[in-house]
Amino acid sequence: MAISFREFPWYIHVLIYVALAVVLVLAGEFLPFSPVQQTRANLDRLNQEHQKLTQEVTALRVYERRYSEFKLEMEALQKQLDTLKTIVPEDKELDEFIRLLQGAASASNVQVRRLTAMPLSPRDYHFEMPFEVQVDGPYYSILEFFTRLSRLSRIINVGDVTFSGLGDVKSAKYPVRPGTTVTGTFIATTFFTKAAEEPVSKAPARQPSKR
């Protein structure tokens, strides 16, 4: 005689329900395509992506800090380069050199009588640009003139100094300021780094062949 499920005692009902719940939980945990497994797989994937993104953000923060430091270093180096270009320019900047020389002479009450360019002297990393300069003025003004040249932003070396007394003022070829006692010449040498561009030589035209 078959026994109905309702006729079982209540504790049998409880055991059956508990067993059924355990089976459902185990099925959700271990079956490959169960919603629990899919949710857990998605959660693991999201955790891995989060860790990867966190590592990338940390690396980018390091690069951002290094970029800021690199930018500051570049700005400092650019300032140093600008200063060096003032001391030793890339080009000849002859007009600027003459302006500096004449400015130092005028401030020292010295007359520049002649400025003669001499041949360039190429070196390993720069070019020397010498000039023969003739000046006259009071003795201490000449000393002040040389002092001012040494303090200019652009390097100007002074050498081969030859000075003597003024002599007879009446026989001078040009007007002489009152108080002038000495006259002479020296070599003023300045520098630049960029080689002058040489003109491109054109190939000679080919003569038509005679037949």
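Tell me the residue from T147, T183 that is loosely packed, with under 14 Cβ neighbours inside 10 Å and at pLDDT 75 or above, please.
Working: T183 fails: loosely packed, with under 14 Cβ neighbours inside 10 Å.
Testing whether each residue is loosely packed, with under 14 Cβ neighbours inside 10 Å and at pLDDT 75 or above leaves just T147.
Mind checking which pairs have a first residue in segment 128-157 that is touching a residue at least 40 places away in the same chain (Cβ under 8 Å) and a second that is among the aromatic types (F, W, Y) and surrounded by fewer than 18 Cβ atoms within 10 Å (Cβ to Cβ), Cβ under 8 Å, 6 or more apart or different chains?
Within 8 Å, the pairs are I142/F163.
With the condition being at pLDDT below 85, I'd like the helices (runs of 4 or more DSSP H) fully within segment 1-119 carrying at least 3 qualifying residues. I'd like the intermediate steps shown before the answer.
Details: elements: 10-30, 35-87, 94-107.
Passing ranges, in order: 10-30, 35-87.
Starting from residues that are part of a strand (DSSP E or B) and more than 30 Å from T83 (Cα to Cα), keep the ones in segment 150-180 and report whichever is modelled with the lowest pLDDT. So that I can check it myself, show each step before the final result.
Filtering segment 150-180 for residues part of a strand (DSSP E or B) gives 157-165.
When the remaining residues are screened for being more than 30 Å from T83 (Cα to Cα), the result is 162-165.
On the way: T162: 92, F163: 90, S164: 87, G165: 83.
Here the answer is G165.
Out of the residues in segment 90-135 meeting the condition of being in contact with a helix residue (DSSP H, G or I) (Cβ under 8 Å, 6 or more places away or on another chain) and of a type in the set (V, I, T), tell me which one is surrounded by the fewest Cβ atoms within 10 Å (Cβ to Cβ).
Of everything passing the filter in segment 90-135, V112 is surrounded by the fewest Cβ atoms within 10 Å (Cβ to Cβ).
Sort out which residues of segment 98-130 are touching a Phe, Trp or Tyr at 6+ places or on another chain (Cβ under 8 Å) and aromatic (F, W, Y), and write them in order of number.
Listed by number, the list holds a single entry, F127.
Could you check N47 against (1) over 18 Å from R154 (Cα atoms); (2) touching a residue at least 60 places away in the same chain (Cβ under 8 Å) and say which number it fails?
Answer for N47: the failing condition is (2).
The values are calculated or read from the model by the stated rules, or taken from the named source; none is laboratory data. Just so it is clear, the structure is predicted and the values come from calculations on it, not from any experiment. Virtual Cβ from ideal backbone geometry, glycine too; neighbours counted across all protein chains shown.
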